[in-house]
Structures are given as C-alpha cells and as structure tokens.
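S.K.: Structure provided below as structure tokens; questions to follow.
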Amino acid sequence: MVPLLSQEQCHTRVAIDDRFFDLLRKMILELSGISIPDNKRYLLENRLAHRLRASCCASFEEYYYLLRYGTGQEQERTRMIESITTNETYFFREPAHLQALQQAILPALVQARRAEGQTTIGIWSAACSTGEEPYTLAMLLRGVGAQLSGLEIQILASDLNESVIRSARRGIYGENSLRHLPASLRGDCFVPVGGGMRLRDEVKSAVRFANLNLLDRERLMLLQGMDVIFCKNVLIYFDLAVRKAVVSTLYDVLAPGGILMIGQSESLYDVSRSFLPVRVNGGVVYKKE
C-alpha cells in the first residue's frame, strides 16, 4: 500500500508524467467521453491539483492507483470528473435559439399535438450544468402560457456532474448568472436571499433534474419521444467517435420531426448526416427527418 502524505506535504504542487497523463485521460474518456488533447497536460494538472491534496497523494501515479483500486474509488472518480468539467453558464444564453423555440418551434409543436390529440411536449436540457438553461426555458413557457392551454410541457434537465445538479435544485444564483436576465423577470421569478436571488417555487417545480451520462445509451433510450433537445457547448469536449455516438443516441431519443439544438460554436459537420439543418430566426437548429 502506498503511504499517505502528511497534511503539510499535501500542499506541494506536483507534475504529471507522460505515462500517467495518458492513463488518466484514458480513464476520463471512458468515464465521461471527455477527450483531453496532448496540449492540455497543464490543464489536467491544474484542475486535479486540489484532488491530489484532498486525497493526500504525493503524485499523479498514486492518484491514478487510488482511482483504479483504492477505497472509495467510485466517489473519487465522480469528484475527478466534476473537477475537470467547465460549468460556466447564465440565464438567457444564446437568445437566437430561445427566440426560435418561442416564436417558431413551440407554436408548431402545439399545433401538431392538438391535431394528434396528444397533451404533452417533452423538452430535455442535456448537460444543463447549474440549471440556468432549463430554468430559462421554464420562464419562457410561463410567458406563453395562453398558447399552451390544455397542454403540459415537461422539462427534463440532466448533467453528469452531481454537484451542479444539487446546485440547480437549490435554485439560488448570483449576479453573474443573472446578467442577461430581462428586468421584468427578476421580480416575477426570483426573490432576494442572502447575497443572491432564489427562484420562486413555481419556476423550480417546472423542471425535473436527473444525473445522466451522455455515454449511457441504455438509460438515455428510456427518454425516447422527446420533442426538443438542448445539448449545447458539450460536444466540443468529445473526440469525433464519441460525438458521433452521442449524437446518434440523441437522434434516437427524439420523436420524429424533433429538434436538436447545439451551441453556436458547434456543428454536426462530419458527425451526422441524419439531421436536416434548418435556419430559424437567425439561428440553426437540427431537425430529425
């Protein structure tokens, strides 16, 4: 057994060598689909430095063996993935897609559901981080309530990172998250609490949160029949093979004619030919044919 460090030694900054850089990024890829390129060694060192200190490991070699064989390995693997994922987001991000949903996609879905005699519309915010995106959707839907008479909108939000899901469920946000929030919604949807703002219960209750891995096709296929999927600014972290696998699953989860929305800096070029790119209100969305 490798001896643990003293508390004083736990604060020493350590570097990662070639072998354990490759082993750790392979493990990260297997667990999350996130690809760490050759030029991101320093990023991995920086993001995991506090995990080495918390685990009192003297090297990335020790940390790797802790993740592979140590007591509590599953919990530490979760903490590792949480440490390397970026969760910066805010309310009403990428407004072109929100306008497309509100002004074109949602009215078409409402018309179709009424014609079919169905009463539900499913929207999934995948990789939702701390919840700003799905709660934005909930606020938008509150604003078009008259259009939805007799229909139920079910919003599912998911993320691989358990800690951001817990934060999303609390629904408390600082000014950075609120910087693009329309002024009219601040008082309508939030109440002041401590140094931040808390979402009102009627907004929080409109979103159901789950801890889901986008690589877990078996679990994700239980979500079949979704009408709209937001999967934004996450595909860029995957290599091409993983992007293809994830997008294939999202395609199968969508209902016929369903819409996939990805980040404005992302593209399905060379990833999938199954979707039809459609320009709506200045933004591009992908339709399942």
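S.K.: Spot the failing condition for SER35; the list is (1) at pLDDT below 90; (2) more than 21 Å from CYS231 (Cβ to Cβ); (3) under 22 Å from the mean Cα position of the chain (by Cα), and only one is missed.
M.R.: Going through (1) at pLDDT below 90; (2) more than 21 Å from CYS231 (Cβ to Cβ); (3) under 22 Å from the mean Cα position of the chain (by Cα) one by one, SER35 breaks only (2).
S.K.: Okay, moving on. Of everything in segment 213-234, what is under 19 Å from GLY258 (Cα atoms), surrounded by 14 or more Cβ atoms within 10 Å (Cβ to Cβ) and of a type outside the set (Asp, Glu)? Give them in sequence order.
M.R.: Within segment 213-234, LEU214, ARG217, LEU220, LEU223, MET226, VAL228, ILE229, PHE230, CYS231, LYS232 qualify.
S.K.: Sort out which residues of segment 147-188 are among the aliphatic types (A, V, I, L, M) and under 13 Å from THR89 (Cα atoms), and write them in order of number.
M.R.: Residues satisfying the conditions are VAL164, ALA168, LEU178, LEU181.
S.K.: Could you check ALA245 against (1) within 24 Å of GLN102 (Cβ to Cβ); (2) assigned to a helix (DSSP H, G or I); (3) aliphatic (A, V, I, L, M) and say which number it fails?
M.R.: With (1) within 24 Å of GLN102 (Cβ to Cβ); (2) assigned to a helix (DSSP H, G or I); (3) aliphatic (A, V, I, L, M) applied to ALA245, the lone miss is (1).
S.K.: Separate question: Suppose the filter is surrounded by fewer than 22 Cβ atoms within 10 Å (Cβ to Cβ), over 19 Å from ILE34 (Cβ atoms) and at pLDDT 90 or above; does ALA108 pass it?
M.R.: For ALA108, the condition - surrounded by fewer than 22 Cβ atoms within 10 Å (Cβ to Cβ), over 19 Å from ILE34 (Cβ atoms) and at pLDDT 90 or above - is met.
S.K.: Tell me whether segment 218-239 contains one or more residues that are of a type in the set (Phe, Trp, Tyr), in the same structural domain as GLN111 (by TED's automatic domain parsing) and at pLDDT below 95.
M.R.: Yes, there is a match, as at least one residue in segment 218-239 is of a type in the set (Phe, Trp, Tyr), in the same structural domain as GLN111 (by TED's automatic domain parsing) and at pLDDT below 95.
S.K.: Condition test on GLY174, is it under 15 Å from GLU202 (Cβ atoms), free of Cβ contacts under 8 Å to residues at least 24 places away in the same chain and not basic (Lys, Arg)?
M.R.: no
S.K.: Looking at the structure I just gave you, is LEU250 in a loop (DSSP other than H, G, I, E, B), in contact with a strand residue (DSSP E or B) (Cβ under 9 Å, 6 or more places away or on another chain) and surrounded by 20 or more Cβ atoms within 10 Å (Cβ to Cβ)?
M.R.: So LEU250 fails the test.
S.K.: Ok, one more. Could you please find all residues in segment 136-160 being in a loop (DSSP other than H, G, I, E, B) and surrounded by 21 or more Cβ atoms within 10 Å (Cβ to Cβ)?
M.R.: The one that is in a loop (DSSP other than H, G, I, E, B) and surrounded by 21 or more Cβ atoms within 10 Å (Cβ to Cβ): LEU160.
S.K.: Here's another thing I want to ask about it. Look through segment 198-242, keep the residues that are assigned to a helix (DSSP H, G or I) and in contact with a helix residue (DSSP H, G or I) (Cβ under 6 Å, 6 or more places away or on another chain), and return whichever of them is farthest from GLU133 (Cα to Cα).
M.R.: ARG217
S.K.: Still on this structure, I have one more. Look through segment 161-194, keep the residues that are among the β-branched types (Val, Ile, Thr) and loosely packed, with under 14 Cβ neighbours inside 10 Å, and return whichever of them is modelled with the highest pLDDT.
M.R.: Going through the qualifying residues, I end up with VAL191.
The values are calculated or read from the model by the stated rules, or taken from the named source; none is laboratory data. Keep in mind that what you see is a predicted model, and the values were worked out from it rather than measured. Glycine gets a Cβ as well: all are built from the backbone with ideal geometry, and neighbour counts include every protein chain shown.
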